[in-house]
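One structure below.
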Amino acid sequence: MKQLRVIRKTELNHMSYGQRRVFAQTLGLYRSACGYIGNVVLAHWDSLEALSFAKKRINAVEALIHKTTNNPDPEYPDFDRLYYKFPSYLRRAAISYAIGQVSSYQTRLAAWEMEKHAAMSDGKRFRKKPPRLSFETNAFPVLYRGQSYKQDGCRVQIKVFIRHTWDWVTVGIPQRDLRSLIKAAADPSLGKMESPTLVYAFHRYCLYFPFQVKTGKFGKLPPDEQIILGVDLGINHGAVCSAVDARGYVHSRAFDPFEKERWAIECVLTRIRVIQRKSGPQRLSRLYTKLACLKDNYVRQLARWIVNQAVSHHAYGIVLEHLGRMKGRGRHRDRIHHWCKCRIRDFVKSMALRAHIRVFLINPRNTSALAYDGSGKVIRDMSDFSKCTFQTGKRYDCDLSASYNIAARYFLRAMKKSMSSEAWTRLRAEIPELGKRTACTLSTLWKLAEVS
């Protein structure tokens, strides 16, 4: 059974300048230890890779760097001298982190070498850079309860490196974060709360509490019995959802209600542009921090709303567009840059997994450019890009039409997989549009339902 990790973040407050300096020193010491251990793991990776269990790898690396009664002469004795009184639980956490980084690096390096060999064998230029190995970029210490972390209400004690030793420091957490943490711990859908991780992000020290959520298996339904939620992500409308079945019948359609959130983000972007135009380059960290918080709140609310729409309509899956890098001009460049389409997709995936709902991706080409009724390309309004005119003169919402086409393309792909090649070839003879899926619309699904 798969497990999904859910994170609850609590900010650390009531910290003096000296305590912030101590936390920074502790974090730097831990990252330095990860770098030292990572180089040892990389040097002995051939022998470590042969070990089948993760615990055996950790014990083998620990025997190389740590001196004990049973191991009086380690191969790397400098570790105990450089990191005096380094806690055993942090040492094992650093070893586990280093092994994971080296294992990921070796996998990515092997894939890069195979890709390079295939390109050079075909006489092509290969300009892709090799993967990089870094041990100190994203290394954050895990605080085990009772050993390096104690909590009493809003007061938190954390063991840090202070005055050349490891001792306890008391800090606080906000009431809002404490309430959120208590609510998450009491949530029956979430599993047991695990040990937190000390993270430094956005000029703040935080504790990340992970919860393991057990997820069941996805149900299996034939395409004829499925209801799919087609979602069109956009800038004017954050998301437009349409619940469609295999015969092309639209059960429901909905526009997201988060206009105030988008307006708040646009206000901050406008303020940044005005200040930069009047005063030139300067420090705008506070505005960018506010913008990041607004975007994070908007992404989470929008993703939750999409999943709730799928749950309310008993949808088998959610279909999204596989959107890549996009460009814009003028003020639209900033709006596209801060769109957060990939984050919305990732949040929808994680939230839908908890609800036992699948997430599918389709090619976004021509989903908005073609009318859902098969009349051809649409003509968008220059004043309001979300509105369009069909070739028949019909006025319609362009994002809503795109959501129909997105759901239809999923059903066409699913039906093709469920049929034999001979049966699909006969259908292509009757419906020529099936030859190119990027030219298919909801009307193509209607024709397919009539024929079959």
| field | Those residues of the range 349-365 which are modelled with pLDDT under 90 and not hydrophobic (A, V, I, L, M, F, W, C), in sequence order | value | Ser350, Arg354, His356
| task | Pull up the range 432-452, narrow it to residues that are of a type in the set (A, V, I, L, M) and surrounded by fewer than 16 Cβ atoms within 10 Å (Cβ to Cβ), then point me to the one that is modelled with the lowest pLDDT. | result | Val451
| request: Name the one entry in Arg300, Arg253, Arg277, Arg335 that is in the same structural domain as Arg409 (by TED's automatic domain parsing), surrounded by fewer than 19 Cβ atoms within 10 Å (Cβ to Cβ) and not in a helix (DSSP H, G or I). | output: Arg253
| note | Screening Ser242, Ser180, Ser189 for residues that are under 23 Å from Tyr298 (Cβ atoms), among the polar types (S, T, N, Q) and surrounded by fewer than 19 Cβ atoms within 10 Å (Cβ to Cβ) leaves only Ser180
| request: Output yes when any residue across the range 1-20 is in the same structural domain as Leu190 (by TED's automatic domain parsing), in contact with an Asp or Glu (Cβ under 8 Å, 6 or more places away or on another chain), in a helix (DSSP H, G or I) and of a type outside the set (S, T, N, Q), and no when none is. | output: no
| Does Gly146 satisfy the criteria of being over 23 Å from Gly28 (Cα atoms) and either among the hydroxyl-bearing types (Ser, Thr, Tyr) or modelled with pLDDT under 90 (or both)? | no
| Can you tell me which of Phe390, Phe385 is of a type outside the set (Gly, Ala, Ser), over 33 Å from the mean Cα position of the chain (by Cα) and surrounded by 15 or more Cβ atoms within 10 Å (Cβ to Cβ)? | Phe390
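The values are calculated or read from the model by the stated rules, or taken from the named source; none is laboratory data. This structure is a prediction, so every number in the text was calculated from the model and none was measured. Glycine gets a Cβ as well: all are built from the backbone with ideal geometry, and neighbour counts include every protein chain shown.
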